[in-house]
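Before any comments, here is the structure.
The values are calculated or read from the model by the stated rules, or taken from the named source; none is laboratory data. Values in this document were obtained by computation on a predicted structure and should not be read as measured data. Heads up, the Cβs are rebuilt from the backbone with ideal geometry, glycines too, and the neighbour counts pull from every protein chain shown. Note: areas computed on protein heavy atoms with side chains; ligands, DNA, RNA excluded. Shrake-Rupley method; radii C 1.70, N 1.55, O 1.52, S 1.80 Å.
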Amino acid sequence: MPRVEVDLHIAVPPAAAWAAVVDVEAFPGRMAAVESVTVLARPRPRRRTTAWSVRLSGSVLRWIEDEVIDEAARRFDFRQTSGDLAAFTGHWGVTAGPDGGSTVSLHVDFDIGIPLLADLLNPVAAEALRENAGQMLAALEQQLTAGPQHPPREGRTPEGTSAPA
């Protein structure tokens with residue numbers, strides 16, 4: 001399965017970054033590519049089921065995922081249970097940086113579900129997912145650092161993404 005890994009250092013404490021990452025229902029208001037995220041169920045503490053709708057390269061991907069949230073590790077793992085891709089799993093995470101800031105990560109493994117076209121489509125899909133993940137992380141950074149003491153920095157791109165041409 002192809003893997004996409006995008007990490008971005010953000011100059012805010014890990015607790016603040018984690019609070020923004022785990023609040024997925026706020027993503028549509030922060031991130032242009034995210035049309036909707038709805039928490040469908042919270043069957044147990046540390047677990048939830050969410051429905052996502054995300055614009056990706058001119059298409060809209062929809063899926064439902066189960067999430068396992070580890071507050072202490074500042075990480076939540078997700079696994080698609082139904083949706084447009086054959087498989088979609090990964091995790092969001094926040095780790096402490098040496099300067100008191102945070103590294104926010106989004107790592108995804110996916111399968112488009114068309115074996116005969118996988119060699120052709122997987123690289124295209126991986127690049128689209130990488131670009132989308134980078135935009136999501138940049139939007140989080142913008143939200144977390146906007147304000148009088150932390151103006152947004154121009155030209156920043158998350159690791160694993162490329163700057164727009």
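Observations
- A simple rule links phi to the HN-Hα coupling: the Karplus curve 6.51 cos²θ - 1.76 cosθ + 1.60 with θ = phi - 60°, which for segment 108-114 gives 9, 10, 9, 9, 6, x, 10 Hz, with x for Gly and Pro.
- Residue order for 127, 67 - accessible surface, 1.4 angstrom probe, largest first: 127, 67
- Kirkwood analysis of the Cα pair distances in the chain returns a hydrodynamic radius of 16.4 Å.
- Highest average first, the peptides 20-27, 133-140, 80-87, 3-10 ordered by how many other beta carbon atoms sit within 10 Å of their residues are 133-140, 3-10, 20-27, 80-87.
- Under 5 Å, built H, 5+ apart or other chain: amide partners of residue 36: 53
- Using just its DSSP H runs of length 4 or more, each adding -39500 (n - 2.57), the chain gives a mean residue ellipticity at 222 nm of -8000 deg cm²/dmol after division by all residues.
- Förster radius 25 Å - calculated FRET efficiency between residue 35 and residue 1, Cβ distance, rounded to 0.05: 0.50
- Unit charges at the beta carbon, dipole of the chain: most positive-side option, 93, 132, 45: 45
- For residue 97, the residues 5 or more places off, or on other chains, whose built amide H falls under 5 Å of its own are 102, 103.
- Förster-model FRET efficiency, 25 Å R0, residue 124 and residue 81, C-beta, rounded to 0.05: 0.50
- Largest first, the extents of the alpha carbon coordinates of segment 41-86 on the three principal axes equal 37, 20, 16 Å.
- Accessible surface of residue 89 - all protein chains present, 1.4 Å probe, nearest 10 Å²: 40 Å²
- Once the 1.4 Å probe is applied to the protein heavy atoms, the chain comes out at 53 Å² accessible per residue.
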